[in-house]
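Presented below is the structure to which this report refers.
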Amino acid sequence: MKREIRVIGIDDAAFDKFSQEKTRIFGVVFRGGLFVEGVLSSEVDVDGGNATRVISEMILKSHFLPQLRAILLDGIAVAGFNLIDIHELNKRTGIPVIVVMRRLPKTDDMKDALKKLGMEDKISLLEKAGRIARAGKVFIQFAGIGESEAAEIVSLTATRSFIPEPLRVAHLIAQGFSLGESRGAA
């Protein structure tokens, strides 16, 4: 695999779930884990169901599309419980999808929360995402790519910490946008 593989990392901006119906998402295109090539943004519904469509449209409309070899997501949800169907995102874009998580998610707790919020229909997306694998110091789920290749992409792009640079920088940009400055760990 090329060291300077082009990937996009996507994260959402902070939001107030009581006063905001939408929040921004940011995609940062990187060459490996070394160089920022560009930034994309769009808007998704808080606790909605449009993240998969919005992310795929954002990528498909981008001039970066022909170069992208992987989509990195900071977890399977944006804007609260707007869950991403990683297999559908892969199908729509034709690009492998890798979900990166710092810690093993508490899936049962997420399912309970979805039930309490009346969002039981979203539980199937959690299950559809597939098994969770360890990749170095993080956990991953993947679609349209094998586990070893996904782990290799995570390793190649994690140059400053164990979080891939495209996700780390997308997180910093999203925080700076919504909070006025970035804070805390990406």
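Here are the numbers:
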quantity	calculated
Amide H contacts of Val39 (H built 1.01 Å from N, under 5 Å, at least 5 apart or other chain)	Val29
Beta bridge orientation in the chain: antiparallel %, DSSP, nearest 5	75 percent
Percent RCO, i.e. relative contact order, over the range 6-178, from Cα pairs under 8 Å lying at least 6 residues apart	27 percent
Estimated [θ] at 222 nm from DSSP helical runs (n ≥ 4, -39500 (n - 2.57)) normalised by residues in the chain, nearest 500	-9500 deg cm²/dmol
Per-pair calculated FRET efficiency, R0 = 22 Å: Arg102 and Phe35 via Cβ, rounded to 0.05	0.35
Pairwise centroid distance, computed over Cα atoms, of the range 124-186 with the range 1-80, Å	11 Å
Choice from Met58, Met110, Met101 showing the highest fluctuation, given a GNM over the chain with Cα pairs closer than 10 Å	Met110
GNM top mover of Leu73, Leu83, Leu114 - the chain, alpha-carbon springs below 10 Å	Leu114
Above-threshold pairs, the threshold being 29 Å between Cα atoms, out of Lys91/Lys111; Lys106/Lys137; Lys61/Lys111	Lys61/Lys111
Charge tally in the Cβ shell below 15 Å around Glu4, where Lys, Arg are +1 and Asp, Glu are -1, Glu4 excluded	+2
Under the span-like rule (Cα at least 18 Å along the axis, Kyte-Doolittle mean at least 0.5), DSSP H helices of the chain	165-179
Sites matching trypsin sites (Lys or Arg not before Pro) across the range 79-186 that sit in DSSP coil, with at most 16 neighbouring C-beta atoms within 10 Å	Arg102, Arg103, Lys106, Arg131, Lys137, Arg160, Arg183
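No value in this document is a laboratory result; all are computed from the given coordinates. Keep in mind the model is a prediction, meaning the values are calculated, not measured. Reconstructed Cβ throughout: ideal geometry from the backbone, glycine too, with neighbour counts over all protein chains shown.
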